[in-house]
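Asks: What follows is a structure written as structure tokens; I'll ask about it next.
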Amino acid sequence: MNIAIVKYNAGNVRSVIGALTRLGVTPVLTDNEEELRRADKVIFPGVGEASTTMEYLRAHGLDRIIKDLKQPVLGICLGQQLMCSHSEEGNTDCLGIFDVPVLKFQPQRHEDKVPHMGWNTIETTGDGIFKGFTKPEFVYFVHSFYVPVCEWTAARTEYILPFTASLHKDNFYATQFHPEKSGPTGERILKNFLDI
Amino acid sequence: MLAKRIIPCLDIRDGRTVKGTNFVNLRDAGDPVELGRLYSQQGADELVFLDITASFEGRKTFTELVERIAANISIPFTVGGGIHELKDVERLLNAGADKVSVNSAAIKNPDLINQIALNFGSQVCVAAIDAKQMPEGWRCFLNGGRVPTDRMLFEWAHEAQERGAGEILFTSMDHDGVKQGFANDALRKLSDELSIPVIASGGAGAKEHFRDTFIEGHADAALAASVFHFGEIPIPELKQYLCGLNIPIRL
């Protein structure tokens, strides 16, 4: 299977590559339009800041390429946020694949620390990348901005308020959490994505 | 519900795990990748690898080790030790570390925290603080507790947060290695005053100590080394115990 990881200025992707390698696939890291279009599946990872990353994607034409992809695409963390319409982080317009904004967590009580960091449970649709999920499972989150619950929510979690842990629409899948850092549960999610 | 985290810490010298008692005596406890993978399978929520090697060659060995960890372990891990400037951070993040912890270098050059947060995000920056209770209050120490500084724990923790640290890892020098429990009064004050997560370190000797640091110390995570390395507290047993007390724990 031909898996492409979108190469751009955000974060390290070694963990994503490591997780895929452990599942028996060797991904290519590329920002080449032809290679991305040709891939069986595309992963759009991300650790970084939204507005500077969007600027980079636009400057390299990757915004248009990602939006137009027809094969299954998985956005991770910042990747999910950039697939939305707009982000409060750096007040930037994003790719607009999901017509929902990205908002900053507003702590309500003192115990509400931001970033939301650590293992939290998700409740899923049990479909798509969550095939076979029948009960809440722990996955690893690190983020300060969130996607509200919306019509494309495929998994939700609760921290400060209920929010979207995963989105799905057509060929686009996304997770706010890091499946590549979520132990065996994360491996199941990545395996499901590879099996779509 | 967000779980309280259990974090084994592995001290690394020349690519091997070591652990000191009160930071002095070192005992060998095996290959870091094997040990890390074992902890991950047992239910550790994160891992910390601290490089205590002094030499340039040792740094290279450690960077290669970080690459092996990232390739083999599917839970988050923090690396620390020997981080003096931004390019050390970049090297370790590129090797696959999720977070870096800065200690002495941040006290000597606090702007390092701002630079890390600005370049890589607050979530990768763990401010590690070693402190000891003195007549005048909790004082921060450098170099594994040998050198006193003019910084006090609470003001420095606040400053680290303002500068962009994403977490505070507080080690009580008075409690470390003694196995009589964590410094819960200081931890509670830190956790209640700060808006970022606080990791308790130093003093774990029994399962009850973890309960106490979560309930009384308000810690978001608890770190320990020798009780895990030498099998004194098996992680699955610890997590079952905490879960039974209705502390939010990932099983």
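Asks: Counting helices only, and only those DSSP H runs with n ≥ 4, report the 222 nm mean residue ellipticity of chain A as the sum of -39,500 (n - 2.57) divided by its residues, in deg cm²/dmol to the nearest 500.
Replies: It lands at -7000 deg cm²/dmol.
Asks: Need one value for B:220-229: mean number of C-beta atoms belonging to other chains within 10 Å of its residues' C-beta atoms.
Replies: 1
Asks: Let me know the shape class of segment A:97-185, please: from the alpha-carbon gyration tensor, a ≥ b ≥ c as square roots of the eigenvalues, rounded when a/c is under 1.5, otherwise prolate if a/b is greater than b/c, or oblate. Don't skip to the answer; put the middle values down first.
Replies: Values: a/c = 1.91, a/b = 1.27, b/c = 1.50.
Oblate is the answer for segment A:97-185, as a/c is 1.5 or above yet b/c matches or exceeds a/b.
Asks: Test of understanding: ordering B:Ser55, B:Ser104, B:Ser74, B:Ser201 by Cβ neighbours within 10 Å, fewest first, what list do you get?
Replies: Working: B:Ser55 10, B:Ser104 20, B:Ser74 24, B:Ser201 28.
Fewest-to-most Cβ neighbours within 10 Å comes out as B:Ser55, B:Ser104, B:Ser74, B:Ser201.
Asks: So, one more: Taking the Cα centre of the protein assembly as shown as origin, work out the dipole magnitude from +1 charges on Lys and Arg Cβ and -1 charges on Asp and Glu Cβ, in debye rounded to 20.
Replies: In total the dipole reaches around 740 debye.
Asks: Quickly estimate the mean residue ellipticity at 222 nm for chain B, helices only: each DSSP H run with n ≥ 4 gives -39500 (n - 2.57), and the total goes over all residues, rounded to 500.
Replies: Computed ellipticity for chain B at 222 nm equals -11000 deg cm²/dmol.
Asks: Determine the sum of side-chain charges near A:Leu194: Lys and Arg each +1, Asp and Glu each -1, restricted to other residues whose C-beta is under 14 angstrom from that of A:Leu194. Working shown, then result.
Replies: Values: positive: A:Arg22, A:Lys41, A:Lys131, A:Arg188, A:Lys191; negative: A:Asp40, A:Glu180, A:Glu187, A:Asp195.
Neighbour charge sum, excluding A:Leu194 itself: +1.
Asks: Suppose each label sits 7 Å from its Cα in the direction of the beta carbon; what would the B:Glu155-B:Gln133 distance come out to in nanometres?
Replies: 2.1 nm
Asks: OK, next. Which ordering of B:Arg250, B:Arg59, A:Arg14, A:Arg64 is given by a fewest-first count of other beta-carbon atoms within 10 Å? Provide the component values of the computation, followed by the final result.
Replies: On the way: B:Arg250 24, B:Arg59 17, A:Arg14 20, A:Arg64 12.
Ordered by Cβ neighbours within 10 Å, fewest first: A:Arg64, B:Arg59, A:Arg14, B:Arg250.
Asks: Partner chain Cβ atoms within 10 Å, averaged over the residues of B:68-74 - can you pull that number for me?
Replies: Mean number of neighbouring Cβ atoms from other chains: 6.
Asks: Next up: State the dimensionless ratio Rg/Rh of chain A (Rg: radius of gyration of Cα atoms; Rh: Kirkwood radius).
Replies: A ratio of 0.93.
Asks: Hey, got the Cα dimensions of the protein assembly as shown along the principal axes, in Å, largest first?
Replies: Ordered largest first, the protein assembly as shown gives principal extents of 64, 47, 39 Å.
Asks: Residues of segment B:129-169 with the amide nitrogen closer than 12 Å to a label point 7 Å from the Cα of B:Val178, along Cα-to-Cβ, please.
Replies: B:132-134
Asks: Rank these for me by crowding, B:Lys108, A:Lys169, B:Lys4, going from fewest to most other beta carbons within 10 Å.
Replies: So the ranking, lowest neighbour count to highest, is B:Lys108, A:Lys169, B:Lys4.
Asks: Another question, then. Can you give the FRET efficiency to the nearest 0.05 for A:Cys150 and B:Leu245, using r as the Cβ-Cβ distance and R₀ = 45 Å?
Replies: Computed FRET efficiency for A:Cys150 and B:Leu245: 0.75.
Asks: While we're looking at this one, here's another question. Averaged over A:154-161, how many beta carbons belonging to a partner chain fall within 10 Å of each residue's beta carbon?
Replies: 1
Asks: Further, regarding this structure: List the residues, sorted by chain then number, that are 5 or more residues from A:Leu161 or on another chain and whose placed amide H is less than 5 Å from its amide H.
Replies: The answer is none.
Asks: While we're on this one: Relative contact order (percent) for chain A, with alpha-carbon contacts under 8 angstrom and 6 or more residues of separation? Don't skip to the answer; put the middle values down first.
Replies: Details: 430 pairs, mean separation 36.5, N = 196.
Averaging sequence separation for qualifying contacts and normalising by length gives 19 percent for chain A.
Asks: Could you sort the peptides A:119-128, A:51-60 by per-residue average Cβ neighbour count (10 Å cutoff), highest mean leading?
Replies: Ranked from most to least packed, the peptides come out as A:119-128, A:51-60.
Asks: Along the positive direction of the dipole of the protein assembly as shown (beta-carbon charges: Lys, Arg +1; Asp, Glu -1; about the Cα centre), which of A:Ser15, B:Thr213, B:Phe141 reaches farthest?
Replies: In the protein assembly as shown, that residue is A:Ser15.
Asks: Say the dipole of segment A:3-195 comes from +1 at the beta carbon of Lys and Arg and -1 at that of Asp and Glu; which of A:Ala4, A:Gly46, A:Gly24 then lies farthest toward its positive end?
Replies: In segment A:3-195, that residue is A:Gly24.
Asks: Ordered by packing density, taken as the mean number of other Cβ atoms within 10 Å over each peptide's residues, highest first, how do B:212-220, B:225-233 rank?
Replies: Ranked from most to least packed, the peptides come out as B:212-220, B:225-233.
Asks: Among residues other than B:Glu159 whose Cβ falls under 14 Å from its Cβ, what is the net charge (Lys/Arg +1, Asp/Glu -1)? Please report the intermediate quantities before stating the final value.
Replies: Working: positive: B:Lys108, B:Arg151, B:Arg163; negative: B:Asp111, B:Asp150, B:Glu155, B:Glu162, B:Glu193.
For residues surrounding B:Glu159, the net value is -2.
Asks: What size of dipole, in debye to the nearest 20, comes out for segment A:3-195 about its Cα centre when the only charges are +1 on Lys and Arg C-beta atoms and -1 on Asp and Glu C-beta atoms?
Replies: Using Cβ point charges on Lys, Arg, Asp and Glu, segment A:3-195 gives about 440 debye.
Asks: Under a Cβ-only charge scheme (Lys and Arg +1, Asp and Glu -1), can you give me the dipole magnitude of chain B about the Cα centre, in debye to the nearest 20?
Replies: 340 debye
Asks: Another question about this same structure. Where the eigenvalues come from the Cα gyration tensor of chain B, what are the semi-axes √(5λ) of the equivalent ellipsoid, largest first, in whole Å?
Replies: Semi-axis lengths for chain B are 24, 23, 18 Å.
Asks: Could you work out the Rg to Rh ratio of segment B:151-251, with Rh taken as the Kirkwood radius (inverse of the mean 1/r over all Cα pairs)?
Replies: Over the Cα atoms of segment B:151-251, Rg/Rh equals 0.98.
Throughout, read-outs are computed from the coordinates displayed, never taken from laboratory work. In this text the structure is predicted, and so the values were computed from the model without any measurement. Note that we place each Cβ from the backbone using ideal geometry, even for glycine, and neighbour counts take in every protein chain shown.
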